[in-house]
Each structure stands twice: as structure tokens, then as C-alpha cells.
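Student: For reference, the structure I am asking about is given below.
Bear in mind that the values in this text are calculations on the coordinates, not laboratory data. Source: prediction; values computed, not measured. Positions of Cβ are backbone-derived with ideal geometry, glycine not excepted, and every protein chain shown enters the neighbour counts.
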Amino acid sequence: MSLPRVLLERLSVRHLRNLSHVDLEPARRVNVIGGNNGQGKTSLLEAVYLACTSKSFRTARPAELIQHGSDTGSARARLADYGDDDGPAPIAREQTVAVQGRRVQVRTDGNRPASLAEFATRSPVVAFHPDELTLSTGPAQGRRTLLDRLALFMQPTSGDHRARYQRSLRSRHVLLRRPSPDEAEILAFERLAAHHGAAITRARAAAATALIAELLPAFDRIAAPGLVLGACYAPGGTADPDEAIEQLARHRARDAHRPTASFGPHRDDLALTLDGHPVRAVASQGQHRALTLALKAAETASVASARGVEPMLLLDDVSSELDPDRTEALFTFLGLTRGQLFLTTTRRDLIVTPGVDAADRRDFEVQDGKLHAVR
Amino acid sequence: MLAAGSYRGSPRVGSSTAGLPEGLARVVQLLARLPGVGEKTAQRFALHLVTGDEETARELGRELATLPDRVRPCVRCGNVAETSRDEAEAAEGAVCAICRDGRRDPALICVVARVQDLIAIERSGAMRGRYFVLGRLLSPLEGVGADELPIDRLRSRVRDAQAPVTEVLVATPPSVDGEATALLVARELGTLGVKVTRIASGVPHGGDLEFADQVTLGRAIEGRKSFG
């Protein structure tokens, strides 16, 4: 039996980026958002992401989201989890995220959720934007963030451990840089860093196992045949707090002169190999692209099984994909997903969706912050 | 909108107290030193006192003038204490009602960060021992180091031969700084042969589990105890 899918039924955006007043009623399967650069296509996807997660995929500073000249911006989404078509119609919920200054206020059906983690995992959504094109070759931070997004669905407390880990580690670092640091004080923060770090290591290991199980088959379908992909979690820390305490204590002198600690989950990576060699060194442009698409397909599939609901998929700026070689990889990727799809492009005419009923696709144009339905 | 914009854009003459009579401006500046009171709130308080409620202003003045002489931190625990009318006693410093209460268990001390936390725990009625107020939490990121915590005073309190302490309950908040402070206190007292305990963290009483947030519930499960 297939999983239910979360569907966005309606979105109202007020004063976010250059979108002063946008109402969107999307189709259930494919939504193509066209328009020239700088018109607000990405901002529309960002508003969907914001309403579902309370975060942006473009910035960590909420104030940047508010339209210039306005003091509050908001996104309100009506969402529902649709099961098999014969079942009774699901009950929709309304998720609202309002940004005022640096404050972000979230509501589900007018009520405060018990926690931000609960809000952010209620309506799963996976975003794929141009910054992530370096997911396979770029800095490990991108791959850690991917594991953390998945971990939040599998272990909701992992976000809290992350925040506490970072504060403990920063505190330790400030202490280490003092001329005559207090041993007992450093040890107190090292014990906390070890405790929360071990929890992060356990959560990421579980997330990596779930992700890799989906990644290998996805890569086989997207990439040229004959390539053997290897993937494993490469922890920078340990799941054993006692070992972490020992490691941190041993490296104090060295760590004092570095930007951060030389041991711990902030150095984690998801190690990727092709035919036994690190992908960074050997993969071609096309192989990287296939791997990045496979990583996103694996994220989508593992979020779906962790949450029990097929996530929405937001694809920003697929225009660059539209040469013949890449198009095939992209459409294989899309074939691997079942969720509601939103994609932005400067060339709407090139997005062909042969397997999709006309009723299940809707096209829009964004121009100067205004949205028009075109078919 | 336009008026507000041009007002903001006009050159600032001193602070927001500029143009107020000097006596009033000084009161505004003093009130603004209080925690949680910004300049606007301070100005509102001060204007209320001079324009609407003269009696409150005079009474407040009288009370405040003598407050530091009448109420001081308790020399034993740091709680608020009334100073003694007896001159000889007053010279030794103020001792709070809890430290003077003979029915309290002298062998149990609860360590808290602030007097507000002490008051909250007192309200629970569950604490039968006495207290020790640290006054602050360890926080390297906010520039508070171990040398600024009254650890030496706590140690001598625990070692007091006249009233031996057997258990120290650390009730600092469950934040990173609160936990680090608790670990530091535990380590500093560990060599004194006293039992150090930590308040549990978990689900609020009367709350249904289904309404507890995931993080609180997760911490409650991590900190579970054997039972039955």
C-alpha cells in the first residue's frame, strides 16, 4: 500500500520578499512556475517552505524575508494528507508562519504547536535549490545538514541536542582561549559537549543508514550503468560520551589555536565513493549531477518512510537542467517521487510531463511579484 | 507613516530624555537601569509618578531610601533578609527567615541560581532544607567565569562543623549554562564527601503526556529512574 501524500491546497503570502499579496491554488501533482529571473519565483517556493517548516532554505536570518517597507510578513498554507483516492476526504489543517523583525511566530489551526520540531515535521517538504548542486562535491556542511533534516523526522530531540552541543562547544572554545583557563570550568562544558555530541552521532548514524538504503538504488536508476556507488557515515566524533570527554581533554592545547574543536560531530561527513575512489577526486560533472539528484531522491524517500507521508517537493530553477543529457536524469529523478511537485523555470514550455493528467498539472507565471495562472 | 519616518530621520538630540526637566530625566535614567525596563517604559513610569500619582511617588521615595538598610542579602545563603533591629546582630549581617527557621533540615542544601528560583521552589513546599543562592550561572559566552561564582562560600558552608551538610541538591535551570554550573558545583563539592544530587527534568504534573512537547518528553525518558 502506498503512503498518503501531503498536499498544499492553498497558499496565501503577504509581504514576503517581493511578494506583497499572492494567493496560490496549486494542482495536486505538478505545478510549473515560470517567469524571468528576479520576478519572485524562488520567493514563492520559499514561502511554501516557510509555511511548512518555519524556516527558509535561502537564509538563516528571518528579517531578510520581510518585504521592504513592511514590518510583518506571513505565509499561510492549507494542507492535508491524502491517502488512496477512494478513502474519505482528509481533514485539512492551516499552518501559518509570520515574521516580525527577528521573531518568527508559528501556528497550526490558530494554536501554538508543542514545539518547533513538531511543527517542522508535520507537513514534510523537500527543497532542491541551485546551492545544493554542490551537495556531492562541496563542503561536508551540506551533507551534515541533509542528515540533520532527516534526523529531525526520526528523532525529534536531535535538533535540541544540536543547539546545546553548539553552545557547549563555543563556551569551551572561549575558555580555552583565556590566558589561564580554569580546568574545572572547561571540563563542565566538555562533559556537556560530549553528552550532546554523542546524541548527535547516534541520530546521524541512524539517519545515514536510512538515507543510504534509498541512495544506492536511486543512483543506479539515475546514473549511467556500471558505476558502483559507496556511501557511509564518517563520524567526526563518537557515540560514546566517555571517549568524547577523553578526546576533548587530550586536544585542548591544539584546539585553543584552531577555529573550533578537532573532535566531534561538527566534523561529520557522509563519505561518498565511486568504484572505490572518493567522488570528489574522480567523478565527472554528469556523475556529480546524477549523485546530487540521487541524494535528493533518497532524502525524499527516507523522509517519506520516517514520517509516513510523501513529502512535497520544491525544485528551484530547473532551467539549467534542460539540455538533453540532463533532462533525462531530471525526469528519472521526478519519476522516483510521488509527492506534490512545485518547480520553477525560465522555460516553462520545455517542461513536459507526459504521464500526468492535464487536471493534475497547473502552470503559473510570476512577474514583478504577481502570480498569474496560465493554464 | 511619513511623519514617523521624518521624525526618526531627524538628528537625535542626546537621548530620549532630552527636553525633560532635569529631575525627571534623572529618574528616567535610574529606572531604565532596572532589568526589563527600557527607556520608554522608564519614561512612562516617571511621568505617571509626577503627573498622576503624587502620593505613590512620595511613598515609593520613602521606602526606597531606606530599603538597602532594611533588606540585604542573607550572609549565609544569599536569599533576601531583613536586617536585625539589634545593633550587635545587625553588625554580623542579615540572616534570612529560612536560615533562622529551626525546623529546617540543616543537612540538606538546595543550590539555586537566583532568588526568584528559591521563591519558586519554596512555593512548592517540597524543600525541607535550606538554600544557597549562586547569584549567576557560569557563562563563558557572556563573560561569567567560575571565579565569579561564590563556590568558596558554598564549600565553607558545606564544611561548617556546627551544621554538617550531607546532601547538596543542585537546582540550576536545565539550560547549557545551568547544566555546566551544576557539573562545576558537583565537582567542587565532590571531594568534601557530601552527596550531590540534581533536580530531575521532565513532564509537568497534571499534563497529559500527549500534550508534552517532544524535547521535554525525550529528556524525561533519558532521565528515567528505576521504579517499583
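Student: To make sure I understand the rule: partners must be lysines, Cα under 23 Å from the Cα of residue A:55, and not fewer than 8 residues away in the same chain. Which ones qualify?
Tutor: Qualifying lysines at Cα under 23 Å: A:41, A:296, A:370.
Student: How crowded by other chains is B:174-180, given as the mean number of beta carbons from other chains within 10 Å of each beta carbon?
Tutor: So the per-residue partner count for this stretch is 6.
Student: Suppose R0 equals 35 Å; then what is the FRET efficiency for residue B:167 and residue A:118 from their Cβ-Cβ distance, rounded to the nearest 0.05?
Tutor: In this case the efficiency is close to 0.40.
Student: What share of Cα pairs, in percent, lie more than 38 angstrom apart in the protein assembly as shown?
Tutor: Of all Cα-Cα pairs in the protein assembly as shown, 49 percent lie more than 38 Å apart.
Student: Residue by residue through the range A:74-82, which ³J(HN,Hα) values in whole Hz follow from phi under the Karplus form 6.51 cos²θ - 1.76 cosθ + 1.60 (θ = phi - 60°), with glycine and proline marked x?
Tutor: 8, 10, 10, 10, 9, 10, 8, 9, 9
Student: Follow-up question, since we're still on this one. Taking the alpha-carbon distance from residue B:40 and a cut-off under 21 Å, which lysines remain once sequence neighbours fewer than 8 residues away in the same chain are dropped?
Tutor: none
Student: Report the relative contact order of chain A, percent, no decimals, based on alpha-carbon pairs under 8 angstrom and at least 6 residues apart.
Tutor: Result for chain A is 26 percent.
Student: A follow-up question, please. For a bin width of 10 Å, list the pair-distance distribution of the range A:126-264 built from all Cα-Cα distances, rounded to whole %.
Tutor: That works out to 11, 35, 30, 17, 6, 1, in percent per bin.
Student: Here is a follow-up. Any idea what angle helix B:39-51 forms with the longest principal axis of chain B, computed on alpha-carbon atoms, 0 to 90 degrees, nearest 10?
Tutor: 70 degrees
Student: Let me ask something else about it. Going out from 0 in 5 Å bins, what whole percent of all Cα-Cα distances in the range B:104-226 drops into each bin?
Tutor: Distribution as computed: 2, 10, 19, 21, 19, 15, 9, 4, 1, 0 percent.
Student: For the range A:141-154, in order, what is each residue's ³J(HN,Hα) by Karplus, 6.51 cos²θ - 1.76 cosθ + 1.60 with θ = phi - 60°, in whole Hz (x at glycine and Pro)?
Tutor: 3, x, 6, 5, 4, 4, 5, 5, 4, 5, 4, 4, 6, 8
Student: Now for a separate question. From the helices alone, meaning DSSP H stretches of at least four residues, give me the mean residue ellipticity at 222 nm for chain B, per-run term -39500 (n - 2.57), in deg cm²/dmol to the nearest 500. Write out the running numbers ahead of the final one.
Tutor: Values: 10 runs with 100 residues, N = 228.
When only DSSP H runs of four or more count, the value is -13000 deg cm²/dmol.
Student: With both partners inside chain A, how many of the DSSP beta bridges are antiparallel, as a percent to the nearest 5?
Tutor: Details: 42 of 60 bridges.
Antiparallel bridges: around 70 percent, rounded to the nearest 5.
Student: Between beta-carbons, use under 13 Å as the cut-off and find the net charge around residue A:367, counting Lys and Arg +1, Asp and Glu -1.
Tutor: Result for the neighbourhood of residue A:367: +1.
Student: Enumerate the lysines that residue B:195 could reach by cross-link, defined here as Cα to Cα under 19 Å, with residues fewer than 8 away along the same chain left out.
Tutor: B:225
Student: Continuing with the same structure: Between 0 and 90 degrees, rounded to the nearest ten: what's the tilt of helix A:285-307 against the longest Cα principal axis of chain A?
Tutor: Orientation of helix A:285-307: about 90 degrees from the principal axis.
Student: What are the trypsin sites (Lys or Arg not before Pro) within the range A:81-151 that DSSP puts in a loop, where the Cβ has at most 11 other Cβ atoms within 10 Å?
Tutor: Sites meeting the loop and neighbour criteria: A:102.
Student: Next up: Calculate the tail of P(r) for the range B:163-228: the fraction of all Cα-Cα distances greater than 21 Å, expressed in %.
Tutor: When all Cα pairs of the range B:163-228 are counted, 38 percent exceed 21 Å.
Student: Considering amide H positions built from the backbone, and no H for Pro or chain starts, which residues 5 or more places from residue A:104, or on another chain, come under 5 Å of its amide H?
Tutor: It is none; the list stays empty.
Student: Right, next: So if R0 is 56 Å, what FRET efficiency would residue B:152 and residue A:134 give, r being the distance between their Cβ atoms, rounded to the nearest 0.05?
Tutor: Working: r = 54 Å, r/R0 = 0.96.
With R0 = 56 Å, the Cβ-Cβ based efficiency is 0.55.
Student: Need one number: convex hull volume per residue for the range B:22-68, Cα atoms only, in Å³. Walk me through the numbers on the way to the answer.
Tutor: Numbers: hull volume 3.6 nm³, N = 47.
It is 77 Å³ per residue.
Student: A follow-up question, please. Using the basic label-point model (7 angstrom from Cα toward the beta carbon), what is the residue A:234 to residue A:78 distance in nanometres?
Tutor: 4.9 nm
Student: While we're here: Modelled label-to-label distance, residue A:3 and residue B:80, 7 Å Cα→beta-carbon offset: nm?
Tutor: Distance between label points: 5.5 nm.
Student: A follow-up question, please. What residues qualify as long-range amide H neighbours of residue B:131, i.e. H under 5 Å apart, gap of 5 or more or another chain, H built at 1.01 Å from N?
Tutor: HN-HN under 5 Å from residue B:131: B:110.
Student: Amide H to amide H under 5 Å from residue A:9: which residues, 5+ apart in sequence or cross-chain, H placed 1.01 Å off N in plane?
Tutor: Here the answer is A:78, A:79, A:80, since their amide H atoms fall under 5 Å of that of residue A:9.
Student: How crowded by other chains is A:116-126, given as the mean number of beta carbons from other chains within 10 Å of each beta carbon? Provide the component values of the computation, followed by the final result.
Tutor: Working: counts 3, 4, 3, 0, 0, 1, 0, 0, 0, 0, 0.
Taking all residues of A:116-126 together, the mean is 1.
Student: Dividing the convex hull volume of the alpha carbon atoms of chain B by its residue count, what do you get in Å³ per residue?
Tutor: Taking only Cα atoms, chain B has a hull volume of 251 Å³ per residue.
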